[in-house]
Amino acid sequence: MTYGVAMKLDRGLVFAADTRTNAGVDNIAQYRKLQSWRQPGDRVLVLLTAGNLAITQTVVSLLNEPLTLTNPDAENTHLLNVPNMYRAARVVGDAVREARRIDGPALEASRINFTTSFIFGGQIGSEPPRLFQVYAEGNFIEATDDTPFLQIGEHKYGKPILDRVARADMRLGEAAKLMLLSFDSTLRSNLSVGMPLDILIYERNSLDVKREKRISADDEYFKSLSAAWSDALRQAFAKIDEFKF
């Protein structure tokens with residue numbers, strides 16, 4: 001499994017995902033769950049994946065396949081020639097449906113569910129940045145100012161702090177800090193989510209990616225963030241009056 005989260009902010013977008021994949025307690029591996037496509041000055045697109053690794057890799061391959069052609073713009077609609085983010089999200093949804101068409105019957109015959117989900121966002125041209133959650137059926141919802149974050153995978157442990165703190169007017173670095181705290185809570189409570197983490201920060205209207213990092217278990221900032229948050233929670237807990245009968 002995995003955990004992925006993204007936020008749509010007034011200043012841009014922030015994406016983060018872990019890299020752990022497990023098929024049982026003794027079969028654990030690392031795979032990148034954050035993919036991006038960019039044409040500087042024109043568009044930046046980012047995809048987070050969760051669920052059955054074979055399915056998500058098939059979807060990513062279907063998205064990349066038309067881009068490997070000698071003249072991709074002469075072929076079918078794809079991520080680099082759609083005019084807006086809604087159409088780009090439709091391309092992702094269509095790839096999910098195509099993966100289901102190809103592999104769904106075999107999975108069903110083996111009694112394996114078609115389990116997958118995606119977060120897809122970015123900016124195309126002068127349109128404002130947008131953020132979508134794409135389901136296994138290929139349909140999707142969009143993040144709003146009222147709900148500026150989306151999560152996939154093992155999200156329940158990291159959701160409470162996002163519910164309490166996330167705001168659309170946050171600074172990008174502030175949002176990244178919040179998302180890493182969400183990961184810290186998840187890592188402490190769920191063994192199916194693990195380091196390293198991939199994080200990408202997109203600044204509105206830049207139409208390029210300038211801040212992207214892989215955070216390993218020995219990252220000094222993440223370690224200090226985790227320790228400071230634990231101390232702050234203990235201090236806040238100690239200041240609250242005890243329950244009295």
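Rule-based calculations on the coordinates, nothing more; no lab input. Keep in mind the model is a prediction, meaning the values are calculated, not measured. We place every Cβ from the backbone using ideal geometry, glycine too, and count neighbours over all the protein chains shown.
Please state the relative contact order of region 29-106 as a whole percent: Cα pairs under 8 Å, 6+ residues apart? Please list the in-between numbers first.
Numbers: 49 pairs, mean separation 17.0, N = 78.
Relative contact order, region 29-106: 22 percent.
Just to verify a number: FRET efficiency for A54 and E137, C-beta to C-beta distance, R0 = 30 Å, to 0.05? Present the calculation step by step, with values, prior to reporting the outcome.
Values: r = 18 Å, r/R0 = 0.60.
Working from the Cβ atoms, E equals 0.95.
Pairs spanning more than 25 Å between alpha-carbon atoms, out of K33/K159; K156/K239; K177/K213: K156/K239.
The label-point distance for L107 and S36, in a model that sets each label 7 Å from Cα toward Cβ, rounds to 2.8 nm. Maximal additional length on extending the E212-S126 stretch stands at 28.7 nm, based on 0.36 nm per residue less the C-alpha distance.
Spacing of the modelled spin labels on T115 and A236, each 7 Å from Cα toward Cβ, amounts to 3.2 nm.
Which of the following values of mean projected area of the Cα convex hull in nm² was calculated from the structure shown: [x] 17.5; [y] 16.4; [z] 14.0? Of the labelled values, this structure produces [y]. Within the same chain, aspartates and glutamates fewer than 8 places from K223 are excluded, and of the rest, those with a Cα less than 15 Å from its Cα are D184, D231. The length gained by stretching the chain between I28 and E98 to full extension, at 0.36 nm per residue less their Cα-Cα distance, is 22.4 nm.
Its DSSP H runs of at least 4 residues, each contributing -39,500 (n - 2.57), put the calculated 222 nm mean residue ellipticity of the chain at -11000 deg cm²/dmol, to the nearest 500.
What is the distance in Å between the Cα centroid of region 160-215 and that of region 90-145? Using only Cα atoms to place each centre, the spacing works out to 21 Å.
Specify the longest stretch of the chain that does not include any exposed loop site, a site being one of the trypsin sites (Lys or Arg not before Pro) with a non-H, G, I, E, B DSSP assignment and at most 15 other Cβ atoms within 10 Å. The partial results should precede the final answer.
Details: sites that count: R32, R111, K156, R167, R171, R204, K210, K244.
In the chain, the maximal stretch lacking such sites is 33-110.
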